[in-house]
Amino acid sequence: MTTMTKIKLGAKELRTTIPLKEDLKKIKKNPIYIIVDNVLDTYNVGGIFRLADAVAARKVILCGQTEIPPDSRIRKASINTTEWVSWEYKKSACKAIKKLREEFSTSLEQYSSSDQASPENREAQRLQVIAIEQSKRSIPYDKAVYAFPIALVVGHESEGVSKEVLEIADQIVEIPMWGVNKSLNVIVSLGIVLYKVMSENLA
């Protein structure tokens, strides 16, 4: 029988992580891309960086009117993860998705021409784009199948993911609601789906 050692950290230790460059190099990034479609609240943006770090996502892509680092409020909410989580800015989430798909399409073509290519491996390299939103097309998040590489899109706090993005997403998933409120905070919804993704791909 094995026992787990509990490590108790104080509030200051939990919020002042400063990793060494050597430690960062050891982290294996997961092929997860988080596309932020016009999220306006800097607390939410910071929380998204924190989630990206938690699952070792490959990149956060901030789009449209989303605030970008350096920003003291984002940095504070992210608990400094903006300092090492990879990110970039795109004018629109649609452009971000198009670029990602082009990158994976190119890598697929190169891989397909190699001697080691197989139908299974080629299929595994196709980028899956999933929007987290309530829509006529959406299904419960726990009914979807998630496979790496994957891009998750979250949207504006009031208006949600833009219609243009919903039209080009491979799938739309939503979090079931049983109470009075109709939706969850953007980082809560993203966190739920991210950990579902991780459980299906790293089990």
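The values are calculated or read from the model by the stated rules, or taken from the named source; none is laboratory data. Owing to the predicted nature of the structure, the values given are computational and were not obtained by experimental measurement. Counting neighbours? That spans all protein chains shown, and the Cβs are built from the backbone with ideal geometry, glycine included. Heads up: the accessible areas ignore ligands, DNA and RNA and are worked out on the full protein's heavy atoms, side chains in. Shrake-Rupley method; radii C 1.70, N 1.55, O 1.52, S 1.80 Å.
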If you check 135, 114, 92, which single one turns out to be touching a strand residue (DSSP E or B) at 6+ places or on another chain (Cβ under 9 Å) and modelled with pLDDT under 95? 135
If the Cβ limit is 8 Å and pairs must be 6+ apart or interchain, which residue in region 188-203 that is surrounded by fewer than 17 Cβ atoms within 10 Å (Cβ to Cβ) pairs with which residue that is of a type in the set (Asp, Glu)? 196/142
Within region 162-171, is there a residue that is touching a Leu at 6+ places or on another chain (Cβ under 7 Å) and modelled with pLDDT of 95 or more? no
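Suppose we filter region 39-58 for residues that are assigned to a loop (DSSP other than H, G, I, E, B) and either open to solvent by 30 Å² or more (accessible area, probe 1.4 Å) or at pLDDT below 95 (or both); how many remain?
In the first step, residues of region 39-58 are kept if they are assigned to a loop (DSSP other than H, G, I, E, B); the result is 39-41, 55-56.
Filter again for either open to solvent by 30 Å² or more (accessible area, probe 1.4 Å) or at pLDDT below 95 (or both), leaving 40-41.
Summing the residues that are assigned to a loop (DSSP other than H, G, I, E, B) and either open to solvent by 30 Å² or more (accessible area, probe 1.4 Å) or at pLDDT below 95 (or both) in region 39-58 gives 2.
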Go through region 59-84 and give me each residue that's surrounded by fewer than 17 Cβ atoms within 10 Å (Cβ to Cβ) and of a type in the set (D, E, K, R). 67, 71, 73, 76, 83
Which of the residues that make up region 69-85 are on the phi < 0 side of the Ramachandran plot and either in contact (Cβ under 8 Å) with a residue 40 or more places away in the chain or outside any loop (DSSP other than H, G, I, E, B) (or both)? 72, 73, 74, 75, 76, 77, 78, 81, 82, 83, 84
Restricting to region 144-187, what's the tally of residues that are over 22 Å from residue 47 (Cβ atoms), touching a residue at least 60 places away in the same chain (Cβ under 8 Å) and open to solvent by 20 Å² or more (accessible area, probe 1.4 Å)? 3
